[in-house]
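Everything on this sheet refers to the single structure shown next.
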Amino acid sequence: MMYQPARKDFISLTLTDQNCHIYNNGKHRKQSCWRKWKQLSRLQRSLILVLFALLLILGLQSFPHMSLQRRELSSKEDWLEMNENEWKPPFPGINSVFGPNEKAPAPVVGPNLGPVVVPDSVSELHRPNIPVFQKPPIIKKIFPNKRGPPSLQKNRNVSDTFVMPRPEQDEERDNGQKQEKVVSWRGAIIEAVQATEPPPSVNEKDNAAHLVPDIPANTAPGTASAVTNIDRLEAVRDSFRHAWKGYKDYAWGHDELKPISKSFGEWFGLGLTLIDSLDTMWIMGLKEEFAEARQWVEKELSFNQNVDVNLFETTIRVLGGLLSTYHLSGDQLFLDKAKDLGSRLMPAFKTPSKIPFSDVNIGKGTAHPPRWTSDSSMAEVTSIQLEFRELSRLTQEPLYKDVVDEVMMKVHKLPGKHDGLIPMFINTNSGQFSHRGIYTLGARADSYYEYLLKQWIQGGRMEDALLEDYIEAINGVKKHLVRQTAHHKLTFVGELSHNRFSPKMDHLVCFLPGTLALGAHYDLPGDHMDLAVELMETCHQMYTQMETGLSPEIAHFNLHSDDGHDIFVKPADTHNLLRPETVESLFYMYRFTKDPKYRDWGWEILQNFNKYTKVSDGGYTSINNVRDPENPEPRDKMESFFLGETLKYFYLLFSDEMELLSLDKYVFNTEAHPLPIWPSAPK
């Protein structure tokens, strides 16, 4: 009798290569798969085919992602398992990592750069004898640009290009993971990933072949006596002329030069590089270049534009540049432009808490915070005071000084500090600190500490609250953030995140030795100068331990293992943006100690900038990889601060005129624009 299954019978179908198994109330019968397939209705067969198709598609889609994860994991493991031979000791007299019968590799020549030129023997006297170590496996990343404007965005305002960082972002970056956030250069802006220049195209790589060295011929061994400070000063002038040539030829009147592609980038459309460079040209005596730039300011520069600008960046670069150039040249044109700009920035302070918004539309007279938050970073609201205070003194209009002094007064009284250390953000509505628990002297906080001291100096050293906050903060830095490496006892400044210490130090922190030395010059505690000397050595090592002789953006330090490794760099942090902070501190250290080693260290850095970042047709470019002298990977971007700060501090470092911008008469803003020290506190 034919078996008729009941409705409650359990039936399951299993297809194999040869058989089809039917389970019915415990009874097992074997039949051909094809026969059972034919017994199914058309609808059932269609459903089964659709199901198999979906499974196949999902499998194909997930395979590449799983493979990528395995490759990234393997790359991270390769980095973490670097062996002893991939490091080099940081100081002279330390044995080489090469065996007794091995020789260090010959110097590597960069792409189309010509032969390596040996630096002068004066520099050699102070150069650590450090063997070159092999570079670790490189994981290509899109790097956050911590200091510099976003790339030109079509049909978008600069304010639209930012994303708010999450508290865990710094930890994600330390883990080497790809991130969709970036941070500001000195704490002013949180820039979106668009701020980073894209990898060079094929044509840009071809143009990168025009990177050329420009090292004076008299730096060969045995000719140290021929290299005078006059020679070095002229070398700095030549570097400036070369950078200016690129800007004039390909980016005139625009914000930034892209030297590889021979084009320009726009941020605010205010000629940032030109204005940032005005006082540098005046100091260097480049009269022809200055006259051309002045004519552009007179004829072309207008602030009556429907454009959002960042309050902090515009204040330190444009307002500061105009004010300093007025003081140096005595030309009323620059003061008139500064007055116009200052008045247009005032809407930023119209907030419930009087803590200013980050963005101002200088044409419409409106202001707003970033579109994702009502927070401002601490550096951007506490590092505009020097400029606004000076504008009040010159115009006899107290409003400019009043609004920035009120910000400092509020921060002075604000609860939530950690032994003088401040969180990185403040809310413009409540006026309270936000994102508490993270303390750093890097991006988003650094220039707060710098401006505490410099405002006190600017005002004739009569504002006690500023000095109290500065001394308390430095004591907090020494207590919570200063550590030494396990092997060679390099002193560095790390970060604190919710009571967890991270041995991570931004290159930005290298402003601190100079600031500490400046405070010691004004009779602050002597141990400030001791710390400055130690940190200056560490910042120098961040350059000398890299194969190109140029510092990475971020360094990590070894606290726990006495294995000869003091500094290591994660693959995402190997870029160099032509930053000024180390050269800035070398200038202060030489001015106050007269120790020639600081000049020699600066000379080495300048030669390496010329060797690895100079573009033959004009300009200098930031690079992606300080660990690879064969291919440093030019980023096709010259920040305005390279001319406004880096080359200016080089020039002042090598100048024998100690009265040239005497530090008893001038105080430099955080963009290296000198402003006069007031003879007494304003009434």
For the condition part of a loop (DSSP other than H, G, I, E, B), under 28 Å from Y522 (Cα atoms) and among the small types (G, A, S), what is the one hit in G431, G416, G442? G442
Conditions: (1) assigned to a loop (DSSP other than H, G, I, E, B); (2) crowded, with 19+ Cβ neighbours inside 10 Å; (3) at pLDDT 95 or above. P370 meets all but one. Number of the miss? (3)
Of all residues being in a loop (DSSP other than H, G, I, E, B) and touching a residue at least 60 places away in the same chain (Cβ under 8 Å) in the stretch 247-280, which is surrounded by the most Cβ atoms within 10 Å (Cβ to Cβ)? Just the residue, please. P259
Can you run down the residue pairs with Cβ atoms below 8 Å, 6 or more apart or on separate chains, where the first is in the stretch 546-559 and within 15 Å of L490 (Cα to Cα) and the partner is among the polar types (S, T, N, Q) and open to solvent by less than 10 Å² (accessible area, probe 1.4 Å)? F557/T485; N558/T485; L559/T485
Answer from R579, R635 - the residue that is within 20 Å of I260 (Cα to Cα), of a type in the set (K, R), within 21 Å of the chain's Cα centre (by Cα) and open to solvent by 10 Å² or more (accessible area, probe 1.4 Å): R635
Inspect the stretch 445-458 for any residue being in a helix (DSSP H, G or I), open to solvent by 10 Å² or more (accessible area, probe 1.4 Å) and more than 19 Å from T582 (Cα to Cα) and give the result as yes or no. yes
Of all residues in the stretch 387-410, count the ones that are free of Cβ contacts under 8 Å to residues at least 12 places away in the same chain and in a helix (DSSP H, G or I). 1
Considering only strands (runs of 3 or more DSSP E) wholly within the stretch 462-570, the ones with at least 1 residues that are buried (at least 20 other Cβ atoms within 10 Å of the Cβ) and of a type in the set (A, V, I, L, M) are 491-493, 504-506, 554-557
Could you grab me the full set of residues in the stretch 634-683 that are assigned to a loop (DSSP other than H, G, I, E, B), farther than 16 Å from S447 by Cβ and touching a helix residue (DSSP H, G or I) at 6+ places or on another chain (Cβ under 8 Å)? D636, S640, S655, D656, M658, L660, L661, L663, I677, W678, P682
Which residue, of D419, D464, is acidic (D, E), more than 22 Å from F349 (Cβ to Cβ), at pLDDT 95 or above and in contact with an Asp or Glu (Cβ under 9 Å, 6 or more places away or on another chain)? D419
P347 passes all but one of (1) farther than 23 Å from P674 by Cβ; (2) assigned to a loop (DSSP other than H, G, I, E, B); which number fails? (2)
If we keep just the residues of the stretch 373-399 that are crowded, with 24+ Cβ neighbours inside 10 Å and among the polar types (S, T, N, Q), which is farthest from Q458 (Cα to Cα)? S376
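The values are calculated or read from the model by the stated rules, or taken from the named source; none is laboratory data. In this text the structure is predicted, and so the values were computed from the model without any measurement. Note: ideal-geometry Cβ built from the backbone for every residue, glycine included; neighbour counts use all protein chains shown. Only protein heavy atoms, including side chains, enter the accessible area calculation; ligands, DNA and RNA are left aside. Shrake-Rupley method; radii C 1.70, N 1.55, O 1.52, S 1.80 Å.
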